[in-house]
Amino acid sequence: MEGVGALPESRIRRKKAYTPPPSRDPMKIGSPPWLAPLMVAFFVLGLLWIVVWYIAGRDVPGMRVLDWWNVVIGFGLIGAGFVLSTRWR
């Protein structure tokens, strides 16, 4: 089989090889640093509000006007603490 030439060469690749994009900063997993102290503050403030109402509520001028709404305010503060606790990681 004379006359058969050399094997053909492969075409030259014109595209550059794939290079991945530069890495980004990894996502921060967790809670913001202010969340836990604020959550605990709502729990404690709500508890203190209810305790002060039951012990000396009639003697505190602002609480006397609110009467039984003090219980709603105290449980509202505790409820806000529970809402914040759902965001804690």
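What follows draws every value from the coordinates through simple rules; no lab data is involved. Since we're looking at a predicted model, the values are computed, not measured. Here the Cβ is made from the backbone with ideal geometry for all residues, glycine too, and neighbour counts use every protein chain on show.
Sum up the charges of everything whose Cβ sits under 15 Å from the Cβ of Trp34, counting Lys and Arg as +1 and Asp and Glu as -1, but leave Trp34 out.
+3
GNM, the chain, Cα, under 10 Å: largest mean-square fluctuation among Asp25, Asp67, Asp59?
Evaluated over the chain, the most mobile residue of the options is Asp25.
Measure off 7 Å from each Cα along the Cα-to-Cβ vector at Trp34 and Arg58, then give the distance between these two points in nanometres to one decimal.
In this crude label model, Trp34 to Arg58 measures out at 4.1 nm.
Where does helix 69-85 land angle-wise versus the long Cα axis of the chain, in degrees 0 to 90, nearest 10?
20 degrees
Once you place label points 7 Å from the Cα toward the Cβ at Leu7 and Trp69, how far apart are they in nm?
9.2 nm
Can you tell which of Met63, Met39, Met27 shows the greatest fluctuation in a Gaussian network model of the chain with Cα springs below 10 Å?
Met27
Using only Cα atoms, find the angle between the long axis of helix 35-56 and the longest principal axis of the chain, and express it within 0 to 90 degrees, rounded to the nearest 10.
10 degrees
Given axes a ≥ b ≥ c from the Cα gyration tensor, I'd like to know whether segment 35-85 is rounded (a/c under 1.5), prolate (a/b larger than b/c) or oblate.
prolate
Specify which residue in the list Ile12, Val60, Phe82 is farthest towards the positive end of the charge dipole of the chain, using unit charges on the beta carbon of Lys, Arg (+1) and Asp, Glu (-1), about the Cα centre.
Most positive-ward Cα: Ile12.
Normalised by the residues of the chain, what does the relative contact order come to in percent, with Cα pairs under 8 Å and at least six apart?
38 percent.
I'd like to know how the chain sits against the 2.2 N^0.38 Å rule of thumb: what's its Cα Rg over that expected value?
2.86
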